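Asks: Here it is, the structure in full.
No value in this document is a laboratory result; all are computed from the given coordinates. Computed from a predicted model, the values in this text were never measured in an experiment. Glycine gets a Cβ as well: all are built from the backbone with ideal geometry, and neighbour counts include every protein chain shown.
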Amino acid sequence: MKTTKKILIVDDDPNILLSVEFLLVKNGYNVLVARNGMEAMEIIEDTVPDIVLLDIMMPDVDGYVICEYIKKNERTKSAKVIFLSAKSREVDVNFGYEMGADLYMVKPFSTRTLLEKINVLLT
Amino acid sequence: MNIWLMLFVTLLYLVLLFVVAYVAEKKQVLSNKWSPFIYALSIGVYCTAWTFYGSIGRATISGPDFLAIYVGPILLMPLFWGFYRKIIKISKVQKITSIADFISARYGKNISLGALVAIVCIVGIIPYISLQIKAIADSFDILSASSNSASSTTAIQTWKPIIVTIVLGFFIMLFGTSKIDASEKHRGLVSAIAFESIVKLFAFFIGGVFIVIYVLNNYSSIEIQQNPRLQHLFTFNSESGYLSWFGMSILSFTAFVFLPRQFQLGVIENKDDEHLKTAIWVFPLYLILINLLVIPVAVAGILFYNGQAYNPDYTLLSLPGALHADSVSMIVFLGGFSAATGMIIVETIALSTMFSNNILIPIILSVPALKNKFFTQVLKSIKWIRRISILFLLMLSYLYFQYVAGKYSLVSIGLISFAAVAQFAPSVMFGIYWKRANKLASLAGIGFGISIWFFTLVMPTLITANLLPSSISEFGLFGISWLKPNSLFGIAISDHITHAFFWSILMNLIAFVSISLFTEQSSDEVTQAELFVDIDQYSSSYEQSFIRSGNVNIADLRSLLASFIGEQKSKQLYRQYFLRNQLEVPNDDQKADQSVITYTEKILSGVIGAASARIILQSMMKDEVVRMNDVVNLLKESQQILQLNKELSNKSSELSKAYDALSKANTKLKQIDQLKDEFLYTVTHELRTPLTSVRAFTEIMHDHPDMDETKRQEFLKVMVGEMERLSKLITQVLDLEKLESGKQVLHLTELPAEQLVNKIVDAFKPSFEKDAQSIEVRVSTDKTVQVDVDLLERVFVNIIGNAKKYLPLENGNVLITVSEIEKNIQIDIEDNGPGIPMEQRLNVFDKFYQIHQSKKNNVGGSGLGLSICKKIIDLHKGQIAVEESVWSGAKFIIQIPLN
């Protein structure tokens, strides 16, 4: 890893944060963590991550909104967005891509696949 | 006058009559608006030679009495208009061919009744026909005698009546048997008769006006008024009295309706019952006009002959002759001739129809050998039966004329005929208004009536003709004094016609009504009674309304009908029938349904009468069994067709309501289905969250065997927690499913409410104490409840467990109150936690509704707990709700009904 890539994880499930943060750190990424939508927005204000791993159903701001914000904003649109959601219906997935997502992964996901996809998106 | 000239003119007149009939038959000369008038004039056949000549005779002898027989039709016709119209309607629907057919059809198409009526008609009317022959013969004599020319023509004088009879016979055969369907309209015949009505009225006026001008003008009005021999002409005869007038009016009205010729023209030849509206004023007007000059002519006769002997009946003919006005005489003669021939023609046709349809054909059909012959050549047979009937009847009339009628005046014979047909009045009148009227009653009524008629009116004539001993009229039959023909039961009514009419009709009525009341009808009679009395209901649905069982196919029926009316026509009729009823044309070998059979019977009735048609169809359906109950039931059904239609439309609206309800239910089911989908989706969604953690941690630990022990322990702990969450969720989903599907069985135990609560609270107490929280129970009732203890415990565990989770870290407090409120045990569970926001209180019992929406804060349950609680309370027919507690926390209120 020549340059350390910045990855933001947004989820209100602490167990997801715990596991994915551990996984990414172990694989040499710079990891930012947000426990809800507001925290995620605050982080994006300061810095533009290379990749955002985004949950959809959160009590305050939902993931679609955050994704749309990132992709519509000149400053942030370079960030790749991967939805990680338990919403498995086709409409939900399609809506995610409409909002500009680069990838939509349905929970429970494979951490191995996630790593591969992140790798692909970053090259 | 030259007798050859007279014969020539007479023949010429007959030819003219034939031309009128022929032309009218072949093409329509007059437009339709004239047909009501033609109809009205054709009813003028009521005025026979008896009117034309006899009225003057009767007026000469007894004054205005002659008017009595015109008063009846003039006064009663407007009154009984509806009655007459009903007869017409029934006849049209049932294809009635004669009065005999009408009565027979009303009483179950009974053969003997039809035959009886036909016989009464023939016996009663033959003298009347011979009367017309006599009038023609007499008028011939008078006219030829007025010129004292040829003595060489005596041979013709003698043979004249028979010649006239034979010529008329052929004429009638041409008219009457050209069509085989006797119920069909004979436009030619009707037109010819209407023409004759005009001729006789015209002739009467020519003769009458001539006499008034050339005879009456020679006398001053004072001379006329004071002449003692004329006085009776201007005063009503008080001797015969009002009773006689009244009797005559009724009698003449019944005659007007029931005389075969009147029935033929007034009912059977009626094209449209609307024509009655014209006839109702044209016909009375005609009667008034034709009687207008009767008195003046009678006066003129008395004055002219001035005491000399003369036959007053023929004043109208003899006076112009005496004044040598040959052309006037000739015209009057033709008028009288037309009056006589009109009557003879129609009466003979009507009688021959009855004679053949009600007497001859039933006889033929009952003799197998004749029947077979009949069927081999039906068309020809019927024609010949008709022709023979006509000749037979005319010959009978001629013989009567030759041997009996010579001895009587015109009027008395006519009235005897009137009294005979009056016997049909009860059978017809009751028959079309009273369903109970039955066959036996009709047979007995007519039988009794005609017997008395015979005894009181015919026997005296036979006695006078020396055919019976005169002792009968002097001392009564068998010497019984109250059986005298002219004073039955010792009650003498001055006028022997009124006397006979009164007694015969009285006996007829008594027999008719009492038998109808005390005897039952057969199924056929019930059917026909319905059809006649309720004609307005059935007129359109006649074919449907009559049912009989039978086994016959379409081809059989058609070939049967074809033998009567021809192949072509029967085919056409059936095609029309199926078309009209919007039915598919069935195959030949298809079984004919009841309506087709009834239709065939109806057509056949038009040809050979109702009774004969019935016999033929019955013989065709050998295995026919008319089940009384079936007929009555089906009849009732058809009677209730309107009612049924109503019910059907009600039913269909009910159906559409049911459809609405169904589609609503369907929508609801779809919604439920959608909810189910939603639930399933939510469940899988809820499962995904813990699964995600478990999978992630498992993979990570597998892929990083080098991770440090504390991290590993941490991860494993999370995994255990998530696994618990998973299994709890699965249990709850299954529980909920069980409760919702109704598979949950309640194991009810009766125990004090206090005990129920305490058991749970005791179980919770250690954990509360451990966390320095308090839980307290207050009980104010000793009532017992019937509950499933296990299920209710789950409710309390859930609610108390929830409360405990959200209690503040310090001074957490849960209070449980058990009380009795309005036949319910109420259990309140209050806490001093954060409480539930107002707007969410209704939703907390919904599935997967989570107050803080945060699925993953580790505090939260599955979101199914409260749904399960509500379901359990519902099963106990109780209620559960949530409010705000006194400490602004949550307060769950559970009510369970006592017993």
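Asks: Quick check: pseudo-label points 7 Å beyond the Cα along Cα→Cβ at B:LYS743 and B:THR519, how many nm apart are they?
Replies: Each label point is offset 7 Å from its Cα along the Cβ direction, giving 7.7 nm.
Asks: If packing is taken as the mean number of other Cβ atoms within 10 Å per residue, what is the order of B:731-743, B:685-697, highest first?
Replies: Descending packing order for the listed peptides: B:685-697, B:731-743.
Asks: Let me know the charge dipole size of the stretch B:305-435 about its Cα centre in debye, to the nearest 20, where only the beta-carbon of Lys, Arg (+1) and Asp, Glu (-1) is charged.
Replies: Dipole magnitude for the stretch B:305-435 comes out near 820 debye.
Asks: Also, quick follow-up: Using a Förster distance of 60 Å, how high is the FRET efficiency between B:SER451 and B:VAL15, based on the Cβ-Cβ distance and rounded to 0.05?
Replies: Between B:SER451 and B:VAL15 the formula returns 0.85.
Asks: Would you mind ranking B:THR60, B:THR667 so that the residue whose beta carbon has the fewest other beta carbons within 10 Å leads the list?
Replies: Going from least to most buried by this count: B:THR667, B:THR60.
Asks: Among B:305-315, B:346-356, B:524-534, B:828-838, what's the highest-first ranking by average C-beta atoms within 10 angstrom per residue?
Replies: B:346-356, B:524-534, B:828-838, B:305-315
Asks: Still on this model: Between B:PHE37 and B:GLN576, what length comes free when the chain is fully extended (0.36 nm per residue of separation minus the Cα-Cα distance, one decimal in nm)?
Replies: 190.9 nm
Asks: Rank-order B:367-376, B:876-885, A:80-89 by packing density, defined as the average count of other C-beta atoms within 10 Å over each peptide's residues, highest first.
Replies: A:80-89, B:876-885, B:367-376
Asks: OK, next. Report the Cα centroid-to-centroid distance between the stretch B:72-107 and the stretch B:25-64 in angstrom, as an integer.
Replies: Computed from Cα coordinates, the inter-centre distance equals 20 Å.
Asks: Hey, how many Å between the Cα centroid of the stretch B:718-758 and the Cα centroid of the stretch B:358-395?
Replies: Here the two parts' Cα centres lie 98 Å apart.
Asks: If you don't mind, there's one more thing I want to ask. Nearest 0.05, what FRET efficiency do B:ASP536 and B:LYS591 give at R0 = 30 Å with Cβ-Cβ as r?
Replies: That pair, B:ASP536 with B:LYS591, gives E of 0.40.
Asks: Show the residues, 5+ positions off or on another chain, whose built amide H is closer than 5 Å to the amide H of A:ILE9.
Replies: Distant-sequence amide H within range of A:ILE9: A:LEU32, A:VAL33, A:ALA34, A:LEU53.
Asks: While we're on this one: Quantify how strongly other chains surround peptide B:674-687 by giving the mean number of their Cβ atoms within 10 Å of each of its Cβ atoms.
Replies: Mean number of neighbouring Cβ atoms from other chains: 1.
Asks: Given the -39500 (n - 2.57) contribution per DSSP H run of 4+ residues, what per-residue ellipticity at 222 nm results for the protein assembly as shown, rounded to the nearest 500 deg cm²/dmol?
Replies: -20500 deg cm²/dmol
Asks: Just want the ordering: B:LEU259, B:LEU875, B:LEU729, B:LEU675, from fewest to most Cβ atoms lying within 10 Å of their own Cβ.
Replies: The order, fewest Cβ neighbours first, is B:LEU675, B:LEU875, B:LEU729, B:LEU259.
Asks: Sticking with the crude label model, points 7 Å out along Cα→Cβ, report the distance from B:ILE163 to B:THR667 in nm, one decimal please.
Replies: The answer from the label model is 9.7 nm.
Asks: Provide the FRET efficiency to the nearest 0.05 for the A:THR4-A:GLU98 pair, computing r from the beta carbons and using R0 = 30 Å.
Replies: 0.45
Asks: Counting only other chains, what is the mean number of Cβ atoms within 10 angstrom of the Cβ of each residue in peptide A:102-111?
Replies: Mean partner-chain Cβ count within 10 Å for A:102-111: 4.
Asks: At B:LYS765 and B:LEU875, where each label point lies 7 Å from the Cα along Cα→Cβ, what is the point-to-point distance in nanometres?
Replies: 2.9 nm
Asks: Which whole number of Å³ per residue matches the convex hull of the alpha-carbon atoms in the protein assembly as shown?
Replies: Roughly 353 Å³ of hull volume per residue.
Asks: Mind checking the mean number of beta-carbon atoms from other chains within 10 Å of the Cβ atoms in A:15-21?
Replies: Counting other chains' Cβ atoms within 10 Å and averaging over A:15-21 gives 6.
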